[in-house]
Every structure is written in structure tokens, then in C-alpha cells.
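Shown next, in C-alpha cells, is the structure this report addresses.
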Amino acid sequence: MNKHQGLPAGEADHLAHGITDEAALAGAVFSKGKGTKIYDTEGRAYLDFAAGILTQSVGHSHPYVIEAVKAQLDELTNVHDSSTPARTELCAKLAEFFPPHLTRFAFFSSGTEAIEAAIRAVYGVAKPGKTVIAALSNGFHGKTQGARSLVNWNIGHVNTSPYARQFNSAHCFKCPLGKSYPSCEVACAEDVAQHIRESGDLAALVFEPIQTAAGVIVPPKKYWRIIEQACREKGVLMVADEIVSAGGRTGTFLASEYYGLEPDLVTAAKGLSSGIPFSLLAGREEIMNSGYFKSPGASSSTFGGNPVSCKAVSATLDVIRDEKLLVGIPERSQHLGEGLLYLRDKFPDQIGDVRGIGLLFAIEFGPKGEARTDRQRRAEVFYQNCLSLGVRVGLGGEIVRIAPPLNVSLDHISVALEAFAEALLQPRSV
């Protein structure tokens, strides 16, 4: 694939080739966003059912958020990690949204940076001999060295580490144990729990409660109950990567809350700041203010906690609360989920599986056994067809993610579902 096909000359002549397939295949230059819609430079409108990259929880250019950010730009943009009114306000607001046992926050500028901070925090309190951090297969935690060392992906540079270990995720569509749910009695969780109990060197388990990049893998609730019990028995810290899920996308503010989990550390980013770079690490007092992580500079970052980002987050949280967006998610989720399942049943020769929770769904293309390149081609065709019909979705390999803003209307969901059906009926070459 020519990564620069469709890009303006000013970009094609200078931009590095490592852009996403999603961007390379779009063939559009996006210039404006308002609510659930984005617009290209030719004036075409698209329903954004990828919500940016799951960043636009309250839609594009929400007037309340824009007003708050503009006002802050007139005052102050960065003073490193010194106190500002915007950061003070955000700390108090986050304490209202996060579970009461997560009392401390550290601010950064990307999800990967927050994961790296979590790793530092874990090793800051790890007991002698606790040298290994475990993660789940298919997980994705970022592109920096520490984050990539947790899980081996078959994309890009793979960095393995003797201090990382992988356990089975609950991928029921492609069960690593060759079993079927629920008759399996969540054997994958029992397998993970056994490894945790037999490993004396584990410091922490880093996990996405719902694996997003892998295609919205939604484990049964029992899966996490079994694993959490084993972690508590062995003193293994639980680090929830909620870079995508924090902010209400699953119907609860944190996906951990849906599962009844009480992680020791939580990373959060995408959906909290309406597209302004921001991330955070939230944690227990005894971890965040102990060991190495309490030393000067250990939790600081050049752009982390800058007042513009803090204002964007505070305003986004205000909108989520004041417009009661989480209250409306079950109805919207049911409408979207039922429509996608109907498409799966209607097009079994194209769609392998549909999975989701809240306003976070995925279509996995290709029946089981089909070559990955063929399944990926199906997803690419669907993605481009959707764009031609005025709907933008998220593309990644053989997976297409469906994740509209939390305030998407039922009517817009219906329009998108009609476009999805038409896109499946009218394939074209990529």
C-alpha cells in the first residue's frame, strides 16, 4: 500500500511513512468538527463513529469545552509542574469521579507516558524478588520501550523483556485454550490465577479491563473476579489500563467499576480531554507517595498537567455530569448493539464476530479460518465504503471499531447502521 496515496502534496513530500492504514485509506483532509460530525475540506460531512480516536467523548468542538480552553489560553499555557488554578480545580473534580481508594493523581501528556509512570510506581514499592510485571496476551499499552515490553505484538518493533510475562486473555471468539464459553467455566481465568499463585516474582499485573486495540475483548465478569482474588492472595498489584475506557465509554466511569474491580493503579487518557493531549495515573496513597515515585521529579512531565489540558478535562467532565451522558448510554448501546448483531447474522460470510459494551463495539471481519490478509482486506473495504457513505469508523487490521461520542443521538445511530448495511452490500477494491 502507498502510505501517501490521497495525501496533499505538502504532506506526501515530507511526512514519515508510518501513518496508520486508517489515515492512508481515508482519502480525505478533515478540517472541522461539530458534535457527532466532522467535515473535510471539500465540504463533505461524516458521522464520526470513531470519536476521533475515541477521544471526543462529548463530540467535536463542544461549546462549553471550547470556551473553557480559549479562556485559559488567554491566561497561561505552561509553567511545568508548578501549581495553577486549573490543576487545583481538576484534582478536586477527579476526586469526585474516581473511586474513593484512588486518592492521588499524576499528570502526563499521553497514554504511553502514563503506563511508563505506572511501571515506575510499581517498582518503587515492589518487595525484594518481585521483579516481574505480567500482562495479558493481545493487550496494547503503548509504543515506548517499557510499554511495548509488556506484550509482544506482531506489528512494528517488538521489544521483549526478561522482566515481563504474558497470560491468557478472555478472547472467547478465538479461545487460546480451544474451549467455548460458558461451558469452559472461564478456564482462561483459572489458568491466569494458577500462574499468579505459582509465581513468587510477580510485582504487578497490567491489564485492560476491556482490550480495545485487540478488537474490544469483553471478558465475562467472573474472569476478573477469579484473577483479582489470586492477585490479592499473592500481593500482586493490579494496574488497570483505562486509557480508552475511562470517562464513561463502557457505561460506568471506569470499566473497572463495571467489573467490581478495585485496581491499585489506573491509567486514563483519551476520552477525558476532548482531543487535547492529556493523561493521568491515579493510585492508592501508599503506592503513589512511597518509594522512588515520591522522589523529586518522579511524577512530573514537561507538558503534563499544563493548565490548558487541565481546563479541557474539567470542562469535559462537567459536560459528562451536567448533560447526564452516562444515563443515556444503555439505551444507545442497546440500539447500536442490536443493529450490529443483526448485520453479523445477515452477513456471516463477511463478519466473523461482533463484540461490545456501552458505546464501544468492534466488528471482526472474516469467518474463522480465513487468511488474515483476506480478513484485513474485508475490513479495509468496509472502512472505505463507510466513508463514501458519510460515516467514519476506526480501522485496525481485520477489526473495525465502532465508538461514537457519548452524546450521539439514536437517529444518528440508525443512520450509521443503515450505512453499515449498505457498505457490506457494495464492496469495492481498496
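The values are calculated or read from the model by the stated rules, or taken from the named source; none is laboratory data. Given the structure is predicted, the values throughout are model-derived calculations rather than measurements. Because the Cβ atoms are built from the backbone with ideal geometry, glycine has one as well, and the counts that use them run over all protein chains shown.
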Fill in: Selected residue (criterion: nearest to Glu285 (Cα to Cα)) from residues of the stretch 80-99 that are without any contact (Cβ under 8 Å) to a residue 40 or more places away in the chain and more than 23 Å from the chain's Cα centre (by Cα)
Ala92
Discussion item. Quick test of your reading of the structure: Ala9 fulfils all but one of (1) more than 29 Å from Phe293 (Cβ to Cβ); (2) of a type in the set (A, V, I, L, M); (3) touching a residue at least 40 places away in the same chain (Cβ under 8 Å). Name the failing condition by number.
Written reply: (3)
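The rows are residues; the columns are (1) exposed (fewer than 12 other Cβ atoms within 10 Å of the Cβ); (2) touching a Lys or Arg at 6+ places or on another chain (Cβ under 7 Å); (3) among the hydroxyl-bearing types (Ser, Thr, Tyr).
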| residue | (1), (2), (3) |
| --- | --- |
| Ala45 | no, yes, no |
| His60 | no, yes, no |
| Ile66 | no, no, no |
| Val69 | no, yes, no |
| Asp74 | yes, no, no |
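Might you let me know whether the stretch 6-13 holds any residue that is more than 23 Å from Ala269 (Cβ to Cβ), hydrophobic (A, V, I, L, M, F, W, C) and touching a helix residue (DSSP H, G or I) at 6+ places or on another chain (Cβ under 9 Å)? Walk me through it before giving the result.
If we filter the stretch 6-13 for residues that are more than 23 Å from Ala269 (Cβ to Cβ), which is where we start, we get 6-13.
Keeping just the survivors that are hydrophobic (A, V, I, L, M, F, W, C) gives 7, 9, 12.
Still in the list and also touching a helix residue (DSSP H, G or I) at 6+ places or on another chain (Cβ under 9 Å): 7.
Checked the stretch 6-13: at least one residue is more than 23 Å from Ala269 (Cβ to Cβ), hydrophobic (A, V, I, L, M, F, W, C) and touching a helix residue (DSSP H, G or I) at 6+ places or on another chain (Cβ under 9 Å).
Restricting attention to the stretch 342-363, report how many residues are within 17 Å of the chain's Cα centre (by Cα) and not aromatic (Phe, Trp, Tyr).
At the first step, the residues of the stretch 342-363 found to be within 17 Å of the chain's Cα centre (by Cα) are 355-363.
Still in the list and also not aromatic (Phe, Trp, Tyr): 355-360, 362-363.
Residues that pass the stated criteria total 8.
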Fill in: Glu89 vs. criteria of a type outside the set (Val, Ile, Thr), surrounded by fewer than 16 Cβ atoms within 10 Å (Cβ to Cβ) and touching a helix residue (DSSP H, G or I) at 6+ places or on another chain (Cβ under 7 Å)
yes
Fill in: Members of the stretch 301-341 that are within 20 Å of the chain's Cα centre (by Cα), among the polar types (S, T, N, Q) and over 19 Å from Ile413 (Cα atoms)
Ser309, Ser314, Thr316
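Residues checked against (1) at pLDDT below 95; (2) under 16 Å from Leu73 (Cα atoms); (3) acidic (Asp, Glu):
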| position | (1), (2), (3) |
| --- | --- |
| Leu280 | no, no, no |
| Ile287 | no, no, no |
| Ser290 | yes, no, no |
| Lys294 | yes, no, no |
| Ala298 | yes, no, no |
| Ser309 | no, yes, no |
| Val313 | no, yes, no |
| Asp318 | no, no, yes |
Practice prompt. Please specify each residue of the stretch 8-60 satisfying the condition of being farther than 21 Å from Gly390 by Cβ and of a type outside the set (D, E, K, R).
Written response: Pro8, Ala9, Gly10, Ala12, His14, Leu15, Ala16, His17, Gly18, Ile19, Ser57, Val58
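Regarding the stretch 121-137, can at least one residue be identified that is at pLDDT 90 or above, under 22 Å from Cys310 (Cβ atoms), out of contact with any Gly (no Cβ under 6 Å at 6 or more places or on another chain) and in a helix (DSSP H, G or I)?
Kept after step one, since they are at pLDDT 90 or above, are these residues of the stretch 121-137: 121-136.
When the remaining residues are screened for being under 22 Å from Cys310 (Cβ atoms), the result is 121.
Still in the list and also out of contact with any Gly (no Cβ under 6 Å at 6 or more places or on another chain): 121.
Still in the list and also in a helix (DSSP H, G or I): 121.
There is at least one residue in the stretch 121-137 that is at pLDDT 90 or above, under 22 Å from Cys310 (Cβ atoms), out of contact with any Gly (no Cβ under 6 Å at 6 or more places or on another chain) and in a helix (DSSP H, G or I).
So that you can scan it fast, the table gives a plain yes or no per residue for (1) touching a Phe, Trp or Tyr at 6+ places or on another chain (Cβ under 8 Å); (2) crowded, with 22+ Cβ neighbours inside 10 Å; (3) among the charged types (D, E, K, R); (4) closer than 24 Å to Ile115 by Cα:
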{"position": "Phe293", "(1), (2), (3), (4)": "no, yes, no, yes"}
{"position": "Pro330", "(1), (2), (3), (4)": "no, no, no, no"}
{"position": "Gln334", "(1), (2), (3), (4)": "no, no, no, no"}
{"position": "Asp353", "(1), (2), (3), (4)": "yes, no, yes, no"}
{"position": "Glu370", "(1), (2), (3), (4)": "no, no, yes, no"}
{"position": "Thr373", "(1), (2), (3), (4)": "no, no, no, no"}
{"position": "Arg378", "(1), (2), (3), (4)": "yes, yes, yes, no"}
Practice prompt. State whether the residues of the stretch 234-243 include one that is of a type outside the set (A, V, I, L, M, F, W, C), surrounded by fewer than 24 Cβ atoms within 10 Å (Cβ to Cβ) and within 20 Å of Phe167 (Cα to Cα).
Written response: yes
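I'm trying to understand the selection: among the residues of the stretch 41-61, which are more than 19 Å from Ala246 (Cα to Cα) and either among the basic types (Lys, Arg) or in contact (Cβ under 8 Å) with a residue 40 or more places away in the chain (or both)? Can you show your working first?
Taking the stretch 41-61 as the starting set, the residues that turn out to be more than 19 Å from Ala246 (Cα to Cα) are 41-48, 61.
Across the stretch 41-61, the qualifying residues are Arg44, Ala45, Tyr46, Leu47, Asp48.
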